[in-house]
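Quick notes on the structure that follows.
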2 protein chains.
Amino acid sequence: MLSKKTKYGLKALAYLASQKDKKPVQISEIAEKENISQKFLESILLSLRKTGFLGSKKGKGGGYYLLKTPEEISMTDVMRVLEGPIAMVPCVSLNFYESCDDCPDEQACSVHKLMLQVRDSALEVYRKNTLRDIIS
Amino acid sequence: MLSKKTKYGLKALAYLASQKDKKPVQISEIAEKENISQKFLESILLSLRKTGFLGSKKGKGGGYYLLKTPEEISMTDVMRVLEGPIAMVPCVSLNFYESCDDCPDEQACSVHKLMLQVRDSALEVYRKNTLRDIIS
DNA sequence: TATTACCCTACTAATTTAATAGAGTTTTCA
DNA sequence: TGAAAACTCTATTAAATTAGTAGGGTAATA
């Protein structure tokens with residue numbers, strides 16, 4: 001399952017990408033329009049700022065804004081930051097690799113074999129979609 | 001993340017598919033060879049029996065065995081039974097569909113748009129893999 | 001300089017997962 | 001026919017994760 005954090009984060013990014021101009025958008029506006037708990041959204045936007053997707057401006061007229069154009073924002077990067085590993089098992093993860101305690105031979109493992117394909121197919125989808133591609 | 005239930009269930013199925021003959025295999029043997037808690041495995045095999053993947057034989061010389069050949073067992077079906085929905089959000093699920101409370105327009109939703117592609121790509125992987133394909 | 005809005009920490013309720021425990025039932029083979 | 005072997009079922013629980021909630025602090029702008 002996709003976590004709410006990822007879902008809300010994606011929606012917020014999409015909302016920012018749909019803005020006409022590049023003026024900062026307040027958390028409260030995004031929260032209201034996208035039906036997200038404001039406090040929860042706050043923490044999500046904060047993490048997107050810390051990972052370089054968003055910039056913020058404080059004070060009156062402040063808010064969040066995209067640091068790059070929607071075309072430059074890859075879903076692969078967004079998913080890794082919001083959801084974490086793209087792989088469903090650590091032993092096939094590129095960025096979060098861990099071996100299994102129970103598995104004596106990774107290459108012979110049927111779960112490994114299947115999940116490697118699932119990972120690659122998901123990566124392919126994320127790779128070919130930018131933020132631009134998923135807004136209407 | 002893939003649940004342990006699914007991981008263990010897949011390993012057990014693969015173990016049964018690797019048997020030379022069709023004689024029932026005891027839970028204890030699978031649990032030991034695949035490093036799985038026997039009691040936990042018991043409940044997993046039970047659900048695989050109830051969903052028509054496995055047959056069981058009680059008493060001395062009993063155990064579990066595949067009801068179909070490995071070639072006939074599709075990963076799509078196995079994943080649906082063990083892991084549940086293949087989609088990462090209910091609103092793109094074929095077999096477990098639910099609409100989102102928060103989302104006014106499903107077709108316009110960027111999360112929906114992305115997750116639909118992810119679901120289709122995962123389904124394609126599961127579709128083209130049978131139990132035969134993932135054993136060594 | 002007051003207001004607005006971001007920033008941060010800590011806590012918590014709910015849910016899910018991954019078992020664990022233990023008793024009960026059925027079947028088979030000697 | 002009876003006892004061992006093996007499946008079946010229910011209930012409980014510990015740990016982890018998720019999805020928030022609460023509340024105060026800090027910085028910037030008009």
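The values are calculated or read from the model by the stated rules, or taken from the named source; none is laboratory data. Since the structure is predicted, the reported quantities are computational estimates derived from the model, not experimental observations. All Cβ positions, glycine included, derive from the backbone under ideal geometry; neighbour counts span all protein chains shown. Surface areas here come from the heavy atoms of the whole protein model, side chains and all, with no ligands, DNA or RNA. Shrake-Rupley method; radii C 1.70, N 1.55, O 1.52, S 1.80 Å.
If you roll a 1.4 angstrom probe over the protein chains with everything in place, what fraction of the accessible area of the protein assembly as shown belongs to carbon and sulfur, to the nearest %? Please report the intermediate quantities before stating the final value.
Working: 7030 of 14110 Å².
Carbon and sulfur atoms account for 50 percent of the accessible area of the protein assembly as shown.
Which distances, in nm and shortest first, link the residue B:33 label point to the same label point in every other copy, taking 7 Å along Cα→Cβ?
5.8
If we hang a label 7 Å off Cα along the beta carbon direction at residue A:5, how far is it from the matching labels on the other copies, in nm, shortest first?
Inter-copy label distances (nm, one decimal, shortest first): 2.4.
Residue by residue through the stretch B:52-63, what is 3J(HN,Hα) from phi via Karplus (6.51 cos²θ - 1.76 cosθ + 1.60, θ = phi - 60°)? Round to whole Hz and write x for glycine and proline.
x, 7, 10, x, 9, 10, 8, x, 4, x, x, x
Quick one: ranking B:40, B:53 by accessible area, 1.4 Å probe, largest first, what do you get?
Correct descending sequence by accessible area is B:40, B:53.
Any idea what Rg and Dmax come out to for the protein assembly as shown if you just take the C-alpha atoms, in Å?
22.1, 78
Just going by the charge dipole of chain A, with Lys and Arg at +1 and Asp and Glu at -1 on Cβ, which of A:93, A:18, A:123 is farthest out on the positive end?
Value computed over the given set: A:18.
Taking the alpha-carbon centroid of each part, what is the distance from the stretch A:52-78 to the stretch B:1-49 in angstrom?
Between the Cα centres of the stretch A:52-78 and the stretch B:1-49 lies a distance of 47 Å.
Run the Debye formula on the Cα coordinates of the stretch A:45-95, all scatterers equal and no solvent, and tell me log10 I(q)/I(0) at q = 0.31 1/Å.
-1.17
May I ask you to list the aspartates and glutamates whose Cα is less than 13 Å away from that of residue A:58, ignoring any residue fewer than eight positions away on the same chain?
Leaving aside aspartates and glutamates fewer than 8 places away in the same chain, none come within reach of residue A:58.
Each residue of the stretch A:98-104 in order: what ³J(HN,Hα) in whole Hz does its phi give by Karplus 6.51 cos²θ - 1.76 cosθ + 1.60, θ = phi - 60°, with x for Gly and Pro?
Per-residue couplings from phi come out as 8, 7, 7, 5, 7, 8, x Hz.
Report the local net charge at residue B:102: Lys and Arg +1, Asp and Glu -1, summed over other residues whose C-beta lies under 13 Å from its C-beta.
-2
List the distances, in nm and shortest first, from the label point of residue B:57 to the matching label points in every other copy, placing each point 7 Å from Cα along the Cα-to-Cβ direction.
So the label point of residue B:57 gives 7.6 nm to the other copies.
Between B and A, buried accessible area summed over both sides at probe 1.4 Å, in Å² to the nearest 100? Mind dumping the intermediate values first?
Numbers: alone 8600 and 8610 Å², together 14110 Å².
Rounded to the nearest hundred, the buried surface is 3100 Å².
Taking a point 7 angstrom from the Cα of residue B:50 along the C-beta vector, which residues in the stretch B:10-32 have backbone N less than 19 Å away?
B:10, B:12-13, B:27
For the stretch A:91-96, just list the computed ³J(HN,Hα) in residue order, Karplus coefficients 6.51, -1.76 and 1.60, θ = phi - 60°, integers in Hz, with x standing in for Gly and Pro.
6, 10, 7, 7, 9, 10
With respect to the symmetry axis carrying chain B onto chain A, which residue of chain B exhibits the smallest Cβ distance to that axis, and what is the value in whole Å?
B:121, 2
Under unit Cβ charges (Lys, Arg +1; Asp, Glu -1), what dipole magnitude, rounded to 20 debye, does chain B have relative to its Cα centre?
In total the dipole reaches around 1000 debye.
Based on the inverse mean of 1/r over its pairs of different Cα atoms, what is the Kirkwood hydrodynamic radius of chain B, in Å?
Radius from the Kirkwood sum: 16.3 Å.
Taking the alpha-carbon set of the stretch A:73-134, what are its Rg and Dmax in Å?
When restricted to the Cα atoms of the stretch A:73-134, Rg and Dmax are 13.1, 44 Å.
Given the stretch B:4-66, what whole percent of its Cα pairs are spread farther than 14 Å?
Values: 959 of 1953 pairs.
It works out to 49 percent of all Cα pairs.
Residues with amide H under 5 Å of residue A:73's amide H, sequence separation 5 or more or different chain, H placed in the peptide plane at 1.01 Å from N; which?
Amide H to amide H, under 5 Å and 5 or more residues apart or across chains, residue A:73 pairs with A:131, A:132.
Tally Lys and Arg at +1 and Asp and Glu at -1 over the other residues with C-beta under 10 Å from the C-beta of residue A:7: what net charge comes out? Display every interim value, and only then the final one.
Values: positive: A:4, A:5, A:11; negative: A:34, A:83, B:102.
Charge balance in the 10 Å sphere: 0.
With the other protein chains left in place, how much accessible area per residue, in square angstrom, belongs to the stretch A:17-85 at a 1.4 angstrom probe?
That works out to 58 Å² per residue.
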